[in-house]
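Chemist: The following block contains the structure, expressed as structure tokens.
The values are calculated or read from the model by the stated rules, or taken from the named source; none is laboratory data. Keep in mind that this is a model prediction, so the values were computed, not measured. Don't worry about glycine lacking a Cβ; one is built from the backbone with ideal geometry, like all the others, and counts go over all protein chains shown.
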Amino acid sequence: MILTFRYPVYPTKTQETTLLKWLAHLCELQNSARHDRKVAWETEGEKVSCSEQKNKLTVARKKYADFREVPQDMQACILERTDKAYDGFYSRCEQGTAKKGYPRHRKRIRSMTWKLRKYPKVVQRKTKDTDRKVIKVRQTPIRETAWKHDRLKVPGLGEVKIYMHRPLQGDPKEVTLLKKASGWYAHISCELSDTPKVDPTCAIAVDMGTTHYLTTSEGEKEDNPRWYRQAEGRTRKHAKDLSRKKLGSNRRKKQQQKLALHHERTTNRRKDFIGKLVYKLYHHQKNNVLVAEDLRISNMVKNKHLSKSISDASWATFFKWCGDIVSERDGFHFHQVDPKNTSQTCSCCGQKSPKKLSLAIRTFKCQFCGTVLDRDHNAAINILFKAAAAFRGERWVTTLYETKNKNEARDTGLQETTQLTLFPITSPSL
Ligand SMILES: [Zn+2]
């Protein structure tokens, strides 16, 4: 498992000038690498490999002085980044999708990456009795000091102040230095050993929404803070002020900075909320299985009435944090189920509503058994049942009202949803 830790970094004025110069150089390098690949593809239909470009880089470094000023590791990482972007492009071409999407020409880039190498270190000196013992040790990117700020070792630049507000875990492999509106940050990727999965015992399901951020299968609701809508007024003001500043002026630059900072703060608020929410669902409520819907968010944002709210809620980040980060790191389970019919079916008797409920109807009233439940709560319970059925290798069936699906319903028979026991304690894993 790879975890990335983020720390603020404080370069001096001279260091920052150098870093900005490097970023400009790396951007140019990336653009020219992309241009070369594009030309080769369009004229000859050839693919350029990463190693070819790296060889060219070695030649260029011998020839030109400005190439030698920037560390080779960073340049190599930029070429690898281009390679990754073009891998996607080549596969899109092979699949024959309508939109091939060339990797774009960038006006600026904001980050530089370098890998931490392993180097041999002598542990025991050769004496008459013992042999020379050499092991490979990875460079540590951090030099600890007695002061508040430790030092980050940047190749070709020296040491930069870094605030280590939490300890690094695992084996650091890669460092990325990133420029944002609020300053510089170092992202240190570390490799950790995989956490063993715990036995699934206590499960909870969530139904995502826009009026409430989510509803759990216990019936609890989490308010949607709507960060973007909160920030919208201020954004408009900053953008309006920016449009009235003269092009190329110093005041315009300052205003740009203000606007960028405002956007960054909105993002930070959103991330803070999501992080705390995920932690609450797993740790505070002592659940070790979380079930959610597998939503097609890219299709959902095409709805012009909901797109802003959906994008603002950032469900993808929520799912990512639930799945990749928290559940992997702490050994919990995260499961996503197909959202089909979850909000149209009664969670008590399993009958599907004969008429499609529109989004405006917030209470689910069952015509067959008379259950009245909140719409989202009902859906969350259904999601939990669906996951439980999938876990036992069954299919989740709703008694389908429509004639076209009658056969299917008859074949499988109605599942008494109340009889479903969720997760037996002696189960291997989801
Ligand atoms: Zn019912």
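Chemist: Has region 71-84 got at least one residue that is under 26 Å from Trp184 (Cβ atoms), without any contact (Cβ under 8 Å) to a residue 60 or more places away in the chain, in contact with a strand residue (DSSP E or B) (Cβ under 9 Å, 6 or more places away or on another chain) and small (Gly, Ala, Ser)?
Modeler: yes
Chemist: Here's a follow-up. In this structure, does Val326 turn out to be in contact with a strand residue (DSSP E or B) (Cβ under 7 Å, 6 or more places away or on another chain) and under 28 Å from Ile274 (Cβ atoms)? Let's see the steps before the verdict.
Modeler: Working: in contact with a strand residue (DSSP E or B) (Cβ under 7 Å, 6 or more places away or on another chain): no; under 28 Å from Ile274 (Cβ atoms): yes.
Taking the combined requirement at face value, the residue does not satisfy it.
Chemist: Filter region 158-192 for residues that are on the phi > 0 side of the Ramachandran plot and part of a strand (DSSP E or B); which is modelled with the lowest pLDDT?
Modeler: Looking at the filtered set, the residue picked out is Gly158.
Chemist: Take region 219-233 and flag every residue that is over 12 Å from Phe273 (Cβ atoms) and either touching a residue at least 24 places away in the same chain (Cβ under 8 Å) or in contact with a Cys (Cβ under 9 Å, 6 or more places away or on another chain) (or both).
Modeler: Within region 219-233, the first condition is being over 12 Å from Phe273 (Cβ atoms), and the residues that meet it are 219-221, 228-229, 231-233.
Of everything in region 219-233, those that are over 12 Å from Phe273 (Cβ atoms) and either touching a residue at least 24 places away in the same chain (Cβ under 8 Å) or in contact with a Cys (Cβ under 9 Å, 6 or more places away or on another chain) (or both) turn out to be Gly219, Lys221, Tyr228, Arg229, Ala231.
Chemist: Hey, another quick one. Among the numbered conditions (1) free of Cβ contacts under 8 Å to residues at least 40 places away in the same chain; (2) surrounded by fewer than 16 Cβ atoms within 10 Å (Cβ to Cβ), tell me where Val48 comes up short.
Modeler: With respect to (1) free of Cβ contacts under 8 Å to residues at least 40 places away in the same chain; (2) surrounded by fewer than 16 Cβ atoms within 10 Å (Cβ to Cβ), Val48 is out only on (2).
Chemist: Based on what the data block shows, is Ile204 within 27 Å of the chain's Cα centre (by Cα), under 30 Å from Leu373 (Cα atoms) and not in a helix (DSSP H, G or I)?
Modeler: Details: within 27 Å of the chain's Cα centre (by Cα): yes; under 30 Å from Leu373 (Cα atoms): yes; not in a helix (DSSP H, G or I): yes.
Taking the combined requirement at face value, the residue satisfies it.
Chemist: Also, I was wondering about something else. Considering only region 78-119, state which residues are among the aliphatic types (A, V, I, L, M), buried (at least 17 other Cβ atoms within 10 Å of the Cβ) and over 19 Å from Lys56 (Cβ atoms).
Modeler: Ile109, Met112, Leu116
Chemist: Considering only residues that are in a helix (DSSP H, G or I) and surrounded by fewer than 21 Cβ atoms within 10 Å (Cβ to Cβ), which ones fall in region 320-342?
Modeler: Lys320, Trp321, Gly323, Asp324, Ile325, Val326, Glu328, Arg329, Asp330
Chemist: Of all residues in region 309-367, count the ones that are at positive phi and within 16 Å of the ligand (Cβ to nearest atom). Full working, then the answer.
Modeler: Narrowing region 309-367 to residues at positive phi: 314, 331, 341, 350.
Cutting the leftovers down to within 16 Å of the ligand (Cβ to nearest atom) gives us 341, 350.
Summing the residues that are at positive phi and within 16 Å of the ligand (Cβ to nearest atom) in region 309-367 gives 2.
Chemist: Consider Glu264 against the criteria (1) assigned to a helix (DSSP H, G or I); (2) farther than 30 Å from Tyr163 by Cα; (3) touching a residue at least 12 places away in the same chain (Cβ under 8 Å): it satisfies all of them except one. Which criterion is unmet?
Modeler: Just one mismatch for Glu264, condition (2).
Chemist: Hey, can you tell me all the residues within region 289-308 that are closer than 21 Å to Tyr279 by Cα and among the small types (Gly, Ala, Ser)?
Modeler: Initial filter on region 289-308 (closer than 21 Å to Tyr279 by Cα): 289-294.
Across region 289-308, the qualifying residue is only Ala292.
Chemist: Ala231: surrounded by 17 or more Cβ atoms within 10 Å (Cβ to Cβ), at pLDDT below 95 and part of a helix (DSSP H, G or I), yes or no?
Modeler: Details: surrounded by 17 or more Cβ atoms within 10 Å (Cβ to Cβ): yes; at pLDDT below 95: yes; part of a helix (DSSP H, G or I): yes.
Judged against the criteria, Ala231 is a match.
Chemist: Restricting to region 32-51, and then to whatever is acidic (Asp, Glu) and assigned to a helix (DSSP H, G or I), can you tell me which residue is farthest from Ile78 (Cα to Cα)? If you could, list the steps in order and put the result at the bottom.
Modeler: At the first step, the residues of region 32-51 found to be acidic (Asp, Glu) are 36, 42, 44, 46.
Then keep just the ones that are assigned to a helix (DSSP H, G or I); that gives 36, 42.
Working: Asp36: 14, Glu42: 22 Å.
Looking at the filtered set, the residue picked out is Glu42.
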